[in-house]
Structure formats: C-alpha cells, structure tokens
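Written below as structure tokens is the structure these notes are about.
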Amino acid sequence: MSQENETTAVALVEGAQVSVKTREALGQSAPWLRFLGILGYIGLSLLILVGIGLFIFGLVHNSQGLGDTIRQRFMPYLGIFYVMIAVVMFIPLRFLMRMAKASKIYKVDSSAANLELFAVNFRKLVKFYGITTIVILAVYLLALLGFVIFLHKFFS
C-alpha cells in the first residue's frame, strides 16, 4: 500500500499536479542531458575542425595543381558541407542544454516555470528532429525518383 502511495503521491506546483516520481525523474535526467550536450558540442567542434581542414587542404591541393581526382577537387565543398552540418546541429544541442539546465533547477526549485521551460525546450527539440526527418525522407524520395528516371532513360 505504501508503494502505491509513493507512485500516486502528487505535489501541487502552482496549480499543476506533478507526481513525486516525475519530479525525481526530471531531477535525475539533468546530468545525463548535460553529458549528452557536452558530447554533442565536442562532436560539433571536431566536425568544424575537420571541415576547415578539408577546405584548406582542398584549396591548397587545387591551387598547386595537385587535385587530379574528382575526390580531391571536391574536398573544399565537403569541408563547407561539414561546417554547415555543424551549424545546423547546434540548434538541437542548444535545446538539449536548456532542458538540462531546467531539469537541474527544477530539482532544487520545483516551480511551474521551470517545468514549463523544460517542456517548451523538449517540444522544440522533438519538432526540430521531426522536421529534419521529413526533409531527409523528402530528399531520399527525390533521389529515388531521379534514379528511377535515370534508369528508365538509360535502358530505353
């Protein structure tokens, strides 16, 4: 019976009912969210460094006439692409770090404003990944359609 009371125990937070388990879960998620955010920023930094390196390496090779293959001529563009991907991936990491901060603060100060901050950033993170997924699927569909058209023209 006491275990049932623990799971159904509800704290009143400025007019919103939040269970004790929910409060504990939010508090315990803060270090993990922060850990994932820090790893993400490290990954972004490496991606930017590799992108800049590819860009410079490609420009130097191409300016000296050493860019014989298509791969070597393509390096500067690949470097720019890597940096652009890093810039785009900064957006969800920002939301992730805001969620970590909100859940850490919520552990100490269980106000509705902190819970709302967590929920708003969670919604933004999920929305970003949803839109990104739709865009990637559309690109895949266009690539598949282009491939089918290419095969049709090639074999007819």
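The values are calculated or read from the model by the stated rules, or taken from the named source; none is laboratory data. Note that the structure is predicted; figures quoted are calculated from it, not measured. Counting neighbours? That spans all protein chains shown, and the Cβs are built from the backbone with ideal geometry, glycine included.
A few remarks follow.
- Of all residue pairs spaced 6 or more apart or on separate chains, those with beta-carbon atoms under 8 Å, a first member in region 116-136 that is touching a residue at least 40 places away in the same chain (Cβ under 8 Å) and a second member that is in a helix (DSSP H, G or I) are 118/26; 118/99; 118/102; 118/103; 118/106.
- Top-ranked residue of region 112-156 - restricted to ones that are under 23 Å from the mean Cα position of the chain (by Cα) and among the basic types (Lys, Arg), ranked as surrounded by the most Cβ atoms within 10 Å (Cβ to Cβ): 124
- Any pair with Cβ under 7 angstrom, 6 or more apart, that starts in region 20-34 at a residue that is of a type in the set (Lys, Arg) and ends at one that is at pLDDT 90 or above: 34/100
- Only one entry of 57, 35 meets the criterion of being aromatic (Phe, Trp, Tyr), in a helix (DSSP H, G or I) and within 25 Å of the chain's Cα centre (by Cα), and that entry is 35.
- Residues that are of a type outside the set (A, V, I, L, M), in contact with a Leu (Cβ under 8 Å, 6 or more places away or on another chain) and crowded, with 16+ Cβ neighbours inside 10 Å were ranked within region 56-89; the one that is farthest from residue 109 (Cα to Cα) is 58.
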